[in-house]
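The values are calculated or read from the model by the stated rules, or taken from the named source; none is laboratory data. Keep in mind the model is a prediction, meaning the values are calculated, not measured. Please note: Cβ atoms are built from the backbone with ideal geometry, for glycine as well, and neighbour counts cover all protein chains shown.
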Amino acid sequence: MTSAAFDVLGIGNAIVDILSHTDDAFLSQHGLIKGSMMLIDEERAETLYAVTGPGVEVSGGSCGNTMAGIASFGGTGAYIGKVRNDQLGEVFRHDLKATGVSFETASATSGPATARCLILVTPDGQRTMNTYLGACTGLGPVDIDTKVVGAARVTYVEGYLWDAPEAKKAVLKAFDAAHQAGRLVSITLSDSFCVHRYREEFRDLIRNRVDILFGNEAEIKALYEVETFEEAMEATRKEAKIAALTRSEKGSIVIKGSETYAVAAAPVAKVVDTTGAGDLYASGFLFGYTHGKPLAECARLGGIAAAEIISHIGARPEQALRGLV
């Protein structure tokens, strides 16, 4: 690829995660769908927080996690996302910049508080996410620095941004700026519930704007409304330029035209918390891709990053990913 200041520019919801262990009975008692991501209002956020057990606060957000992973591999990254000038906002900014990722988006000085996500982790490692978007919803086209977009080999965004109309406009502005600069764009489907909300818009993006697609088995089947992963693969092949599809312990499949690369999952001693597995897979894949690695090697790097992240609580690496390759 041509010279660039950044390997990847990430655009996402800037969220502070609050992780807490719970059980299936608690999920049922509070009407929570295991393994899902639900958007909640501030009142619901406070209610759930009050009844959960002890928690750990860590900076998160799907795309933020991916950018932290790229930095952990030794890659260069920049991030665009909206926080409030409050305590959680400063925590998020400090944590991301401390990894080496550039984050210069101006903080909001009024309006909703910085976003937070209550992540309930059950004994099987599954995570159920309840997200209050707060200040995230303030992200808009004015926050997109087209010079930064043009300086990144790939602009990567999370599908969750489609839940806020102004954020969606911001993403489309960034996509246009990236392609005008001869750069690539990438999106992750984020969540099967997100896919159900924006299926046709996502498919239009994949056909006409997106260069690299990320999704897991449930998301890609939801996107094409099919029963089997094999059907979803063939539908994806017809629309996506490059697609990296994850299948948990089955590893991942990368599709490019008639080419198919099946890569086994990296070994992990014990699954502790699956939060961020897809985010970190994207880290490894994009790091490899922007450094000229073959697609199968990109997938292998993604698997290594995902294996590290599910071996502990939290969605950001506890050890330098560059040391695991």
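Values computed for the structure shown
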{"item": "When residues of region 1-37 are limited to those that are charged (D, E, K, R) and not in a helix (DSSP H, G or I), the one surrounded by the most Cβ atoms within 10 Å (Cβ to Cβ)", "result": "D17"}
{"item": "Members of region 103-132 found to be of a type in the set (K, R) and over 16 Å from S62 (Cβ atoms), listed by number", "result": "none"}
{"item": "So A174, is it closer than 23 Å to T146 by Cα, at pLDDT 95 or above, crowded, with 19+ Cβ neighbours inside 10 Å and not charged (D, E, K, R)", "result": "yes"}
{"item": "Some residue of region 178-192 being of a type outside the set (D, E) and at pLDDT below 95", "result": "yes"}
{"item": "When residues of region 202-235 are limited to those that are among the β-branched types (V, I, T) and free of Cβ contacts under 8 Å to residues at least 24 places away in the same chain, the one surrounded by the most Cβ atoms within 10 Å (Cβ to Cβ)", "result": "V226"}
{"item": "Unique residue being touching a Cys at 6+ places or on another chain (Cβ under 6 Å), buried (at least 18 other Cβ atoms within 10 Å of the Cβ) and assigned to a helix (DSSP H, G or I) when the list is G284, G288, G302", "result": "G288"}
{"item": "Selection within region 151-177 - within 16 Å of L213 (Cβ to Cβ) and either in contact (Cβ under 8 Å) with a residue 60 or more places away in the chain or touching a His at 6+ places or on another chain (Cβ under 6 Å) (or both)", "result": "V154, T155, Y156, V157, E158, Y160, L161, V171"}
{"item": "Output for region 38-87, where each listed residue is outside any helix (DSSP H, G or I), of a type in the set (S, T, Y), at pLDDT below 95 and crowded, with 24+ Cβ neighbours inside 10 Å", "result": "S59"}
{"item": "Any chance D273 is surrounded by 24 or more Cβ atoms within 10 Å (Cβ to Cβ) and either modelled with pLDDT under 95 or assigned to a helix (DSSP H, G or I) (or both)", "result": "no"}
{"item": "All positions within region 304-325 that are over 24 Å from I15 (Cα atoms) and of a type outside the set (D, E, K, R)", "result": "I304, G323, L324, V325"}
{"item": "Which listed residue is over 17 Å from T275 (Cβ atoms) and under 20 Å from the mean Cα position of the chain (by Cα), from V148, V142, V121", "result": "V148"}
{"item": "Residues of region 256-270 satisfying the condition of being within 20 Å of T188 (Cα to Cα) and surrounded by 15 or more Cβ atoms within 10 Å (Cβ to Cβ)", "result": "K256, Y261, V263, A265"}
{"item": "Any hit, region 240-254, residues being farther than 26 Å from S311 by Cα and either in contact with a Cys (Cβ under 9 Å, 6 or more places away or on another chain) or not in a strand (DSSP E or B) (or both)", "result": "yes"}
{"item": "Hits in region 305-323 (condition: surrounded by 19 or more Cβ atoms within 10 Å (Cβ to Cβ) and assigned to a helix (DSSP H, G or I))", "result": "A305, A306, A307, E308, I309, L321"}
{"item": "Listing of helices (runs of 4 or more DSSP H) fully contained in region 126-215 that carry 3 or more residues being within 30 Å of T47 (Cα to Cα)", "result": "165-180, 192-208"}
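Per-residue answers, yes or no, for (1) closer than 18 Å to A71 by Cα; (2) of a type in the set (V, I, T); (3) touching a Gly at 6+ places or on another chain (Cβ under 7 Å); (4) without any contact (Cβ under 8 Å) to a residue 24 or more places away in the chain:
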residue	(1), (2), (3), (4)
V271	no, yes, yes, no
L280	yes, no, yes, no
F285	yes, no, yes, no
Y289	yes, no, no, no
K293	yes, no, no, yes
L301	yes, no, yes, no
